[in-house]
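Peer 1: The structure is given below, and queries will be raised subsequently.
What follows is calculated from the coordinates using simple rules that are stated; it is not laboratory data. Here the structure is a predicted model, which means the values were calculated and not measured. Virtual Cβ from ideal backbone geometry, glycine too; neighbours counted across all protein chains shown.
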Protein chains: 2
Amino acid sequence: MKFKRTERIGAIVKILSDNPNKIFTLSHFTNQFNAAKSTISEDLLVVKNVFEKLELGKVITISGAAGGVKYIPKTSKAENEEFLLDLCEKISDPSRILSGGFLYLIDLIYNPTIVSKIGKIMASNIDYAEADYVVTMETKGIPMALMTAKAMNLPLVIIRKDIKVSEGPTLSMTYVSGNTSKVESMSLPRKALKPDSKVIIIDDFMRGGGTIKGMIDLMNEFGAEVVGTGVFISTTKPEEKMVKNYISLIELDVQGDKISVKPNLKTFKDEYKNEEHEVDYDLEDVLDDEDEE
Amino acid sequence: MKFKRTERIGAIVKILSDNPNKIFTLSHFTNQFNAAKSTISEDLLVVKNVFEKLELGKVITISGAAGGVKYIPKTSKAENEEFLLDLCEKISDPSRILSGGFLYLIDLIYNPTIVSKIGKIMASNIDYAEADYVVTMETKGIPMALMTAKAMNLPLVIIRKDIKVSEGPTLSMTYVSGNTSKVESMSLPRKALKPDSKVIIIDDFMRGGGTIKGMIDLMNEFGAEVVGTGVFISTTKPEEKMVKNYISLIELDVQGDKISVKPNLKTFKDEYKNEEHEVDYDLEDVLDDEDEE
């Protein structure tokens with residue numbers, strides 16, 4: 001099948017966009033579209049432009065034997081702020097306050113469009129260059145953790161609250177949840193992580209940090225290192241969290257029965273985290289490299 | 001900012017692809033790209049071609065006041081078969097069989113790339129034209145249910161196994177899990193579903209169908225109607241399930257300690273479910289309609 005220029009470009013955008021952080025070789029596209037390398041190379045320059053002009057992320061060229069192009073999702077600061085302000089307005093609706101001071105949020109944090117955006121924001125503000133997995137604990141954080149894992153192109157690992165018989169030998173631990181001050185348990189199958197892994201923790205909510213501290217301890221039991229932590233909402237109090245290095249997208253302040261939420265703009269102070277690890281070679285160089293093999 | 005033809009087409013593909021089943025008006029694109037309607041109209045014809053040529057789904061034009069274009073994800077039969085055969089090979093790995101005859105599958109069913117594809121296959125083979133929600137029960141089905149909800153552009157509802165204090169008034173029910181023959185409970189906040197909703201149920205595994213039967217009963221308690229059910233894996237035995245109308249993507253047969261899995265090809269007998277509900281108007285007609293308002 002023959003493709004027109006415009007069709008190839010549309011198709012390449014679709015393929016890259018559906019597969020963030022996955023490297024596609026130039027040969028992949030020359031085969032798929034039955035086109036010369038120089039043609040695909042020109043197409044890719046246009047595709048790069050599209051992503052940059054619309055601030056939808058970066059298309060990066062990687063040189064060498066494992067080289068090719070990949071799409072790195074990125075959200076702009078202005079876009080983050082607009083999205084989070086809108087979410088904060090929704091969260092502030094008084095009808096969301098439940099008895100006990102809890103907030104009804106599941107319609108938001110299970111919404112595919114919202115969590116998809118949260119995933120992209122997490123991937124734009126956490127350095128995952130070295131990471132092997134995204135880890136979360138059931139249940140409410142799963143949708144946003146999955147979308148973060150999708151944006152980072154990493155497998156997702158879900159810590160369970162009870163020991164499941166159907167997942168083989170399991171490592172379990174107890175921790176104190178700041179929420180209830182109760183001793184709770186978490187468990188993960190032995191096979192879930194490879195030795196010496198590096199992981200990113202994603203969760204929906206952090207008050208004192210007890211749950212995430214427990215997750216970090218569990219990771220250490222697996223010989224894994226936590227290299228980044230992102231939570232959707234953190235509370236202003238207690239100021240001292242049990243976890244030191246984390247980002248949160250929204251800050252929640254509770255004063256008696258009055259709540260206020262605002263985007264945690266200090267999270268977005270750095271322009272962009274995952275770019276410095278990539279060297280953006282000239283497309284022609286990549287072509288030359290491939291030709292030499 | 002001015003965009004070239006190729007850039008506009010790349011951008012439109014990205015926007016539609018990121019937002020399946022969401023209607024975008026032509027004015028949306030004319031504003032974003034500072035271009036005439038006739039120009040955008042031509043761009044959209046190219047975009048339609050891209051999706052059709054690559055069998056990535058359909059771009060459909062909807063006439064009238066709420067009209068515009070939307071992208072309906074669709075997977076081809078050949079693509080489904082290749083993907084599911086590959087998955088079946090992975091599932092058949094003898095090291096996955098755990099004591100008790102369980103299968104270790106969480107590395108597959110939590111994988112963002114795999115569940116994203118499963119979601120698109122579910123959306124291609126379940127009629128969701130009337131549906132208001134995708135519903136699943138925690139935990140293992142959540143990733144694929146979220147991706148199905150994303151493909152269908154519907155909110156996701158997650159049934160919990162225990163009563164959570166933090167989600168307000170909750171309706172709970174007991175059911176008998178075929179898996180363990182134990183009485184278990186499921187619960188859902190009162191606010192989770194609007195009255196008279198129609199829902200699609202997505203779950204990872206079905207043996208006798210007891211759990212899904214329980215979910216259907218719970219939906220009825222909410223005054224909601226189940227209009228479609230999709231499971232990832234169903235077992236060949238028992239042949240009589242407690243649920244009548246469902247699709248499953250993979251069939252699992254267990255004979256003693258020997259397991260065999262194969263794609264459930266009868267699921268894909270119909271070409272495509274969600275097309276007949278759309279009338280594909282001519283783009284020029286849509287333009288005329290918009291002009292008249």
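Peer 1: Restricting to Cα atoms and excluding each atom paired with itself, what does the Kirkwood estimate give for chain A in Å?
Peer 2: In chain A this quantity evaluates to 20.8 Å.
Peer 1: Here is a follow-up. Among the trypsin sites (Lys or Arg not before Pro) within segment B:145-231, which fall in a DSSP loop and have no more than 10 other Cβ atoms within 10 Å of their own Cβ?
Peer 2: Of the trypsin sites (Lys or Arg not before Pro), the ones in loops of segment B:145-231 whose Cβ has at most 10 other Cβ atoms within 10 Å are B:K182.
Peer 1: Same structure, new question: Assuming R0 = 41 Å, what is the FRET efficiency of A:E52 and A:E239, from their Cβ-Cβ distance, to the nearest 0.05?
Peer 2: The calculated FRET efficiency here is 0.55.
Peer 1: Using the Cα centre of the protein assembly as shown as the reference point, and only Cβ charges (+1 on K/R, -1 on D/E), how large is the resulting charge dipole? Debye, rounded to the nearest 20.
Peer 2: Roughly 1700 debye, rounded to the nearest 20.
Peer 1: Let me ask you something else. Is there a quick way to get the dipole size of segment A:77-268? I mean about its Cα centre, with the Cβ of Lys and Arg at +1 and of Asp and Glu at -1; what is the value in debye to the nearest 20?
Peer 2: It comes to approximately 260 debye.
Peer 1: In nm, one decimal, shortest first: how far is the label point of A:N19 (7 Å from Cα along Cα to beta carbon) from the matching points in the other copies?
Peer 2: In ascending order, 2.6 nm.
Peer 1: Pick from B:K244, B:K22, B:K70 the residue whose mean-square fluctuation is largest in a GNM of chain B, springs joining Cα atoms under 10 Å.
Peer 2: Among B:K244, B:K22, B:K70, the largest GNM mean-square fluctuation belongs to B:K244.
Peer 1: Output needed for the protein assembly as shown: three equivalent-ellipsoid semi-axes, defined as square roots of 5 times the C-alpha gyration tensor eigenvalues, in descending order, whole Å.
Peer 2: 36, 29, 27
Peer 1: Filter chain B for me: DSSP H helices, axial length by Cα at least 18 angstrom, mean Kyte-Doolittle hydropathy not below -0.5. List them by residue number.
Peer 2: B:5-18, B:37-53, B:77-91, B:112-125
Peer 1: Please find, in a Gaussian network model of chain A (springs between Cα atoms separated by less than 10 Å), the residue of A:A151, A:A129, A:A78 whose mean-square fluctuation is greatest.
Peer 2: Among A:A151, A:A129, A:A78, the largest GNM mean-square fluctuation belongs to A:A78.
Peer 1: Put a label point 7 Å from Cα along the Cβ direction on A:A36, then list its distances to the equivalent points in the other copies in nm, shortest first.
Peer 2: Its label point is 3.4 nm from the equivalent points in the other copies.
Peer 1: So what's the net charge close to A:K198: Lys and Arg +1, Asp and Glu -1, counting the other residues with Cβ under 14 Å from its Cβ? Intermediate results must be reported in sequence, preceding the final value.
Peer 2: Numbers: positive: A:K194; negative: A:D127, A:E130, A:D132, A:D196, A:E225.
Around A:K198, the surrounding residues sum to -4.
Peer 1: Oh, and also: What value, in deg cm²/dmol to 500, does the helix sum -39500 (n - 2.57) over DSSP H runs of n ≥ 4 give at 222 nm once divided by the residues of chain A? Provide the component values of the computation, followed by the final result.
Peer 2: Numbers: 9 runs with 105 residues, N = 293.
Result for chain A: -11000 deg cm²/dmol, rounded to the nearest 500.
Peer 1: Let me ask you something else. Take every DSSP beta bridge whose two residues both sit in the protein assembly as shown, then give the antiparallel share in percent to the nearest 5.
Peer 2: 50
Peer 1: How many nanometers, to one decimal and shortest first, lie between the label point of A:K191 and those of its other copies, if labels sit 7 Å from Cα toward Cβ?
Peer 2: Label-point separations across copies, in nm and ascending: 4.0.
Peer 1: Can you give the FRET efficiency for B:K2 and A:E81, using 1/(1 + (r/R0)^6), R0 = 30 Å, r = Cβ-Cβ distance, to the nearest 0.05?
Peer 2: E between B:K2 and A:E81, to the nearest 0.05, is 0.70.
Peer 1: Could I have the simple spin-label model distance between A:S172 and B:K262, label points 7 Å from Cα toward Cβ, reported in nm to one decimal?
Peer 2: Going from the A:S172 label point to the B:K262 one covers 4.0 nm.
Peer 1: Report, largest value first, the span of the C-alpha coordinates of segment A:168-263 along each principal axis, in whole Å.
Peer 2: Per principal axis, max minus min of the Cα coordinates gives 46, 26, 20 Å.
Peer 1: Considering the zone a paramagnetic label at A:D162 would reach in this model (a point 7 Å from Cα along the Cα-to-Cβ line), which residues of segment A:168-209 have amide N under 14 Å from it?
Peer 2: A:185-187
Peer 1: Tally Lys and Arg at +1 and Asp and Glu at -1 over the other residues with C-beta under 9 Å from the C-beta of A:D253: what net charge comes out?
Peer 2: Value of the local net charge: +2.
Peer 1: Please tell me the relative contact order of chain B in percent, rounded to the nearest whole number, where contacts are Cα pairs under 8 Å and at least six residues apart.
Peer 2: 18
Peer 1: Still on this structure: Going by how many other beta carbons lie within 10 Å of each one, how would you line up A:E225, B:E138, fewest first?
Peer 2: Ascending Cβ contact count within 10 Å gives the list A:E225, B:E138.
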